[in-house]
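K.L.:
One structure coming up, written as structure tokens, with questions to follow.
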Amino acid sequence: MQQNENTYDVSDVYKKEIFPKIIELKMICMEHKIPMIFCAAVGESGTVTNSETEMISAETAGRTLSDDPIAKMVMGVLGTNRNE
């Protein structure tokens, strides 16, 4: 991909530097049963945005949340990006 001020690809940085830290974060969150979500836009071609997302849902963490912000974010994204 040719890069300019509107396009980029940092997926290699994500894989080498960020992803290992996210795995460490997820392990700590699971140990303490903390639901979490992480999303990074790692590339932009001008027509397509590539992202990496990691999540521990409340259910996976063994928690029940009265007002689950993670589920709301996921449902909001799925609701606005659905191809019908």
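K.L.:
Let me know the charge dipole size of the chain about its Cα centre in debye, to the nearest 20, where only the beta-carbon of Lys, Arg (+1) and Asp, Glu (-1) is charged.
P.N.:
Its charge dipole is roughly 240 debye.
K.L.:
Another question, if that's okay. When the chain is fully extended, how far beyond the present Cα-Cα distance does THR53 get from MET30, taking 0.36 nm per residue of separation?
P.N.:
Full extension of this stretch gives 6.6 nm more.
K.L.:
Next question, about the same structure. Restricting to lysines 8 or more places apart or on different chains, can you count the pairs in the chain with Cα atoms under 19 Å from each other?
P.N.:
4
K.L.:
Further question on the same structure: Can you tell which of MET30, MET55, MET73 shows the greatest fluctuation in a Gaussian network model of the chain with Cα springs below 10 Å?
P.N.:
Among MET30, MET55, MET73, the largest GNM mean-square fluctuation belongs to MET73.
K.L.:
Here is a follow-up. Which of the GluC sites (Glu not before Pro) found in the range 1-59 are loop residues per DSSP with 10 or fewer other Cβ atoms within 10 Å of their Cβ?
P.N.:
Of the GluC sites (Glu not before Pro), the ones in loops of the range 1-59 whose Cβ has at most 10 other Cβ atoms within 10 Å are GLU5.
K.L.:
Shape of the range 8-80 from its Cα gyration tensor (a ≥ b ≥ c, root eigenvalues): rounded if a/c is under 1.5, otherwise prolate when a/b > b/c, or oblate?
P.N.:
In terms of gyration-tensor shape, oblate.
Rule-based calculations on the coordinates, nothing more; no lab input. Keep in mind that this is a model prediction, so the values were computed, not measured. Cβ sites come from the backbone with ideal geometry, for glycine too, and all protein chains shown count toward neighbours.
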